[in-house]
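Input: a single structure, listed below in structure tokens.
The values are calculated or read from the model by the stated rules, or taken from the named source; none is laboratory data. The structure presented is a predicted model; accordingly, all values stated were derived computationally and were not measured. Glycine gets a Cβ as well: all are built from the backbone with ideal geometry, and neighbour counts include every protein chain shown. Calculation scope for accessible area: heavy atoms of the full protein, side chains included, ligands and nucleic acids excluded. Shrake-Rupley method; radii C 1.70, N 1.55, O 1.52, S 1.80 Å.
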Amino acid sequence: MNWSARRTEERVIREVSSELIHIPSLVHHGIEGKSLLLPVETRFQLDEVEIQGTWTHTRTSGTRTTLVTFTKNATITDMMYHNHISFREPNVSLLIRKLNQDDEGDYHLSLNIQFHNKKGLVIKEERTVHVNVDVPVSTPVIEKYPTYAVVEDKANVTWTCSVERGTRVVFQWLRDNIPLGPADRYHFSHNNSTLFISPVRKEDKGTYRCVARNPISQGRHSRPVELNVYYGPYNLEVNSGQGLRTGEVFTINPGELVFFECQADSNPPNSYVWIFKSRNATQVISEGPRLEVRSYRLAQTEEYMCRAFNNVTQKQDEAQFTLVVASLGTVKEKRTQKDSSVSSMALLSIITVCSLFVIGCMLLFFLRQTCHPKRVLMSLYKRPLSEQKRPHRSGHEDATEDFGIYEFVSIPGKMESAQASCRSLARFESVQDMHTTIYDVIRHVPETPSHSLLE
């Protein structure tokens with residue numbers, strides 16, 4: 001076999017046999033002063049092969065050093081690292097003792113493998129492992145500049161966070177235990193070690209902390225530092241526990257002593273001034289957050305104003321209100337009457353609707369009972385013809401006139417019945433157009449009605 005053919009075969013075997021060794025992790029984070037093992041798993045039987053290999057170290061500066069050269073039966077370690085590294089047979093792992101910053105960099109394994117049953121064929125395996133040597137993070141130290149309280153919209157604040165020990169440290173900022181991120185007024189350095197706030201606002205006040213961490217250390221918290229911000233006044237308002245308030249108008253009874261409170265959100269606390277307003281002038285009548293007013297000193301309507309001033313921020317705000325002296329009983333009665341009238345009108349409307357509904361139902365029922373065609377005809381034909389033609393008489397009528405035996409005879413609709421009387425036929429002519437059964441009543445009078453009754 002010529003040389004080129006052999007190189008081709010070796011290359012093919014090398015590509016196919018890429019899983020003869022396995023390194024679980026290609027990046028390791030070591031701790032300064034601790035040992036670090038670079039494990040290698042071999043997937044062949046050592047008594048079936050011959051091996052030859054090296055471990056080399058390339059520092060971050062670019063310097064390369066051969067640490068150990070080994071075969072199946074011998075190991076040669078660089079004398080400079082004799083007490084610093086240890087070669088683990090037969091799986092060719094490497095142990096580094098007492099890591100320091102110089103140990104950081106790339107560790108390269110080059111391994112040649114030759115099986116006994118494949119003479120002349122060499123399989124080459126190479127792996128590179130990167131090692132970071134980190135120092136645990138110490139407790140961070142937080143600082144603020146300026147150290148004193150600042151005025152909103154007029155000052156900037158710079159926060160810094162630092163550690164005495166630690167490598168590859170990343171910082172995070174918290175305000176009242178809430179993480180902070182980049183914003184319009186918040187600016188961070190590349191590793192978040194510095195926070196710059198410009199300008200400072202009211203919402204920036206609170207307790208600040210910084211958290212430091214790296215790959216081998218959990219978050220370490222700094223001590224808390226307060227940021228005091230001078231602001232305000234905001235949300236100025238006037239309140240009173242007496243009288244009746246409607247918007248900015250307070251109504252009180254004559255002779256009543258009333259207290260007013262003026263409040264605003266401010267740091268430091270505001271100074272307050274109470275001002276009486278007339279048409280042409282204003283007059284300062286009191287100072288402080290509380291005003292006492294006696295109603296008998298007032299006219300019917302007076303206007304007042306509370307002015308709040310922050311001596312540090314040099315900002316002020318004003319709240320105006322009107323004081324009316326009137327009988328609260330009258331006002332309350334008017335309100336009560338108004339509410340009562342509204343309720344009464346609503347109740348009256350409901351009652352009226354219900355009443356109209358009931359009356360309508362009763363009227364409909366009455367019309368159905370009294371105006372049914374069959375009932376009208378029955379009531380009409382039950383009356384004798386003599387009563388219909390007889391002139392009306394007032395007073396008591398003789399009951400003997402109704403005495404007798406009555407016979408009901410039906411008239412089928414045409415004048416065919418032989419028993420129909422002239423009276424019935426005369427009535428029939430007037431209603432012959434109605435399609436209904438017509439009955440005639442025939443009365444038979446005995447000769448001696450009084451005698452029959454006695455018997």
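A compact table of results
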{"item": "Anisotropy class of the stretch 18-83 from Cα gyration tensor, a/c 1.5 cut", "result": "oblate"}
{"item": "Spin-label model distance (nm) - ASN228 vs ILE178, 7 Å beyond Cα toward Cβ", "result": "2.3"}
{"item": "Those residues of the stretch 301-323 whose amide nitrogen sits under 12 Å from the label point placed on ILE285, 7 Å along Cα→Cβ", "result": "301-306, 321-323"}
{"item": "Computed accessible area, ILE351, all protein chains, 1.4 angstrom probe, square angstrom", "result": "90"}
{"item": "The stretch 149-272, accessible area per residue, ligands and nucleic acids excluded (1.4 Å, Å²)", "result": "51"}
{"item": "Whole-angstrom gap from the stretch 144-184 to the stretch 26-104, using each part's C-alpha centre", "result": "44"}
{"item": "Surrounding net charge for THR58, when Lys and Arg each add one and Asp and Glu each subtract one, Cβ distance under 15 Å", "result": "-3"}
{"item": "Carbon plus sulfur fraction of accessible area for the stretch 186-269, probe 1.4 Å, in percent", "result": "47"}
{"item": "Percent accessible area from carbon and sulfur atoms, the stretch 47-158, protein chains only, probe 1.4 Å", "result": "49"}
{"item": "Over 25 Å between alpha carbons, listed pairs LYS34/LYS144; LYS72/LYS118; LYS205/LYS315", "result": "LYS34/LYS144"}
{"item": "Radius 12 Å from Cβ of LEU36, net charge of other residues (Lys, Arg +1; Asp, Glu -1)", "result": "-1"}
{"item": "Heavy-atom surface of the stretch 63-104, accessible at 1.4 Å and reported per residue (Å²)", "result": "61"}
{"item": "Listed peptides 314-324, 128-138 by packing density, highest first (mean Cβ within 10 Å)", "result": "128-138, 314-324"}
{"item": "Net +/- balance of residues flanking GLU261 in space, Cβ distance below 10 Å, scoring K and R +1, D and E -1", "result": "0"}
